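Here the structure comes first, spelled out in structure tokens, and everything after it is commentary.
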Amino acid sequence: MVPLKRRKVFPSHAGNTGTDSSGEKVSKFPQVVLFLLERKMGSSRRDFLSQLGQKKGFQVEEKFSESVTHLISENNSGDEVRTWLDSQDGGRGRTAAHLLDISWYTESIQAGRPVEILDRHKLQEQQTDEAEVVMFSVPSYACQRRTTLDNHNTVLTDALSLLAENAELNDEEGRGVAFRRAAAVLKALPKAVTDMTQLRGLPCLGEHSLRVIKDVLENGASSEVESTKHSERYKALKLLTGIFGVGAKTADRWFREGIHTLHQLKDSGHSLNRAQQAGLDHYDDLNQSVTKAEADTIGEIVERAVLAVLPGAQITLTGGFRRGKLTGHDVDFLITHPEEGREEGLMTKVVSWLESQGFLLYQKITRNSYLEAKDGPARSASNMDRFERCFSIFRLSKVEKKGAKQPETLTENDVKTHAQENLKTHSHTSSQIQRVSGEEEDGSERKQPAGFRPWRAVRVDLVVSPISQFGFALLGWTGSKLFERELRRWAGHERAMSLSSHALYDNKQSRYLRVMTEEEIFAHLGLEYVPPSERNA
Ligand code: CTP
Ligand code: MN
Ligand code: MN
């Protein structure tokens, strides 16, 4: 129990506890501070019951805090309340408050005073054998945790990720992040969760996420996830945002116009921008994941391009593949040069080279949107306008590389025939055709699959950074997205610093912190270094 001295009484939301001469509300029972749990009770009943108690002189708090001595709930088990408490910030799960059934409250109101707490008033908490049930503990920021690809809770994290995705499709960013954070906590656990009690004390698990987890643990699936997954809206928005260049807002507008399929979109007469048209043209390819082998092949092409236009430049694979993923939705590269300034104008040259060689199906070079920001501490560096990126779609030949794993086994003739057919409908350089036809001598007899093309479209992101910002760019483009978000949140909330893919600014010292490596950034942030393979939050 919290030590009970004379307590300053705070006005509560629907307060009517009387007023003393100083205008402060007073409680008739200062040693009793009540909190009514809204969970299962509902907000209107909770308001009603709160006011009723306050009229009788009870102190009923709007928010749960350490000063609460009696927690009242209706239709919740002790474990449910404990789990809810655990999901509250600041480890409130260790509260010493009595966990009581609504019957204690109504009896007390009737009696006009707090009645004695009897066994039947107390919520039953399961006596789980704590030695048998594995309890977990994780720090609350994803950047404080080591999250490998070894996820022991995929069923739960898939469910939560789907709800996150649905929230994002519905332009509910806050909800999306909450589900992403909850999923990330489960990804960091060393074992599969089998029992809700194991989640006690874990951060970021809000009421909604806990409900979903419980549903999955008890019934094998979450009804909310299932109904979302099969809803017309979710299916359509997912299909439409699967088009490169189409975001949630556009997809929503089309959906409301009755466009639910690619067919309907094509028939609608909507004019698509260049990105969307490319996205539609290569829809199937771009929705098929990219393998590590394909990423490596593209890496070699990008390297050839970069070195052709700027010898000495350095290319680093970033994004999911740098974190050790075996597949991805695209391939991400960061390009720099050890001599500051030499990278200027590089992107345009690289893209021209790639284009001249017939490697690009689509490309768009943009400045980082951050540059357009009018202010913000991480802006000032004058070299920032050299930070460029290119969203592109590569035309990856399926027999581009000797020794690369072939998706199809082809005879030399097959390859020749298709390369030539391809030439009729697509513009290639002759060097590419030679490369295609000159390799892969298998000799086996094989029927060519219908509509077979010897190439596929792959999304590729290129970023050029001056060497002075390389550490930040590398950290920023390695992901995962949630890991990045959490790093920035940590920097801001815990260290009064602003982190971006360009810089780290210390608000207390009012200066930029220069670094050469990712390790130095973690050190500045007061975090243990987390290698890329453990940033899979
Ligand atoms: N990123 C970014 N700005 C963007 C897009 C991406 O800073 N406009 C960063 C993300 O924060 C992430 C990294 O680039 O850290 C990679 O993003 P992305 O390719 O979307 O995700 P991956 O983690 O690589 O996942 P996938 O394998 O699906 O590509
Ligand atoms: Mn990626
Ligand atoms: Mn990317």
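As for the stretch 303-321, it holds at least one residue that is within 15 Å of ligand 2 (Cβ to nearest atom) and either assigned to a loop (DSSP other than H, G, I, E, B) or among the polar types (S, T, N, Q) (or both). Is at least one residue of the stretch 358-381 among the aliphatic types (A, V, I, L, M), away from ligand 1 (no atom under 16 Å from the Cβ) and at pLDDT 50 or above? Looking for residues that are among the aliphatic types (A, V, I, L, M), away from ligand 1 (no atom under 16 Å from the Cβ) and at pLDDT 50 or above, one finds at least one in the stretch 358-381, hence yes. In the stretch 265-287, the residues that are more than 15 Å from ARG395 (Cα to Cα) reach residues that are of a type in the set (Asp, Glu) and loosely packed, with under 13 Cβ neighbours inside 10 Å with C-beta atoms within less than 8 angstrom, at least six apart or across chains, in these pairs: SER268/GLU257. Scanning the stretch 244-281 for residues that are open to solvent by less than 30 Å² (accessible area, probe 1.4 Å) and within 13 Å of LEU361 (Cβ to Cβ) turns up ALA275, ALA278, GLY279, LEU280. Here VAL464 passes the criteria (1) away from ligand 1 (no atom under 16 Å from the Cβ); (2) open to solvent by less than 10 Å² (accessible area, probe 1.4 Å) except the one numbered (1). The residues of the stretch 327-359 that are within 16 Å of ligand 3 (Cβ to nearest atom), open to solvent by 60 Å² or more (accessible area, probe 1.4 Å) and not β-branched (Val, Ile, Thr) amount to a single one, HIS329.
Assess whether ARG200 counts as being modelled with pLDDT under 95 and charged (D, E, K, R).
Working: modelled with pLDDT under 95: yes; charged (D, E, K, R): yes.
Yes, satisfied.
Quick one: how many residues across the stretch 345-358 are touching a residue at least 60 places away in the same chain (Cβ under 8 Å) and not in a helix (DSSP H, G or I)? Here the count works out to 2.
Quick grid of which residues meet (1) open to solvent by 30 Å² or more (accessible area, probe 1.4 Å); (2) modelled with pLDDT of 95 or more; (3) part of a helix (DSSP H, G or I); (4) within 20 Å of ARG120 (Cβ to Cβ):
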site: GLY23; (1), (2), (3), (4): yes, no, no, no
site: LYS28; (1), (2), (3), (4): yes, no, no, no
site: LEU34; (1), (2), (3), (4): no, yes, no, yes
site: VAL60; (1), (2), (3), (4): no, yes, no, no
site: VAL68; (1), (2), (3), (4): no, no, no, no
site: LEU71; (1), (2), (3), (4): no, yes, no, yes
site: ARG82; (1), (2), (3), (4): yes, no, yes, yes
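Do we have LEU286 as open to solvent by less than 60 Å² (accessible area, probe 1.4 Å), at pLDDT 95 or above and within 22 Å of the chain's Cα centre (by Cα) here? Before you say what the answer is, go through the steps one by one.
On the way: open to solvent by less than 60 Å² (accessible area, probe 1.4 Å): yes; at pLDDT 95 or above: yes; within 22 Å of the chain's Cα centre (by Cα): yes.
For LEU286, the condition - open to solvent by less than 60 Å² (accessible area, probe 1.4 Å), at pLDDT 95 or above and within 22 Å of the chain's Cα centre (by Cα) - is met.
For the stretch 113-154, what are the residues that are of a type in the set (Gly, Ala, Ser) and either at pLDDT 95 or above or surrounded by 15 or more Cβ atoms within 10 Å (Cβ to Cβ) (or both)? Spell out the reasoning first.
Start the filter on the stretch 113-154 by keeping residues that are of a type in the set (Gly, Ala, Ser), which leaves 131, 137, 140, 142.
Correct list: SER140, ALA142.
Being in contact with a strand residue (DSSP E or B) (Cβ under 8 Å, 6 or more places away or on another chain), near ligand 1 (Cβ under 7 Å from one of its atoms) and open to solvent by 40 Å² or more (accessible area, probe 1.4 Å) is the filter here, so list the residues in the stretch 305-325 that pass it. Listed by number, the list is empty, since nothing qualifies.
So, in the stretch 458-506, exactly how many residues are over 21 Å from ALA164 (Cβ atoms), away from ligand 3 (no atom under 16 Å from the Cβ) and not acidic (Asp, Glu)? Selection size over the stretch 458-506: 20.
The values are calculated or read from the model by the stated rules, or taken from the named source; none is laboratory data. Small disclaimer: the values here were computed from a predicted structure and weren't measured. Note that each Cβ is placed from the backbone with ideal geometry, even for glycine, and that neighbours are counted across all protein chains shown. In case anyone asks, the SASA skips ligands and DNA or RNA and just uses the protein heavy atoms, side chains included. Shrake-Rupley method; radii C 1.70, N 1.55, O 1.52, S 1.80 Å.
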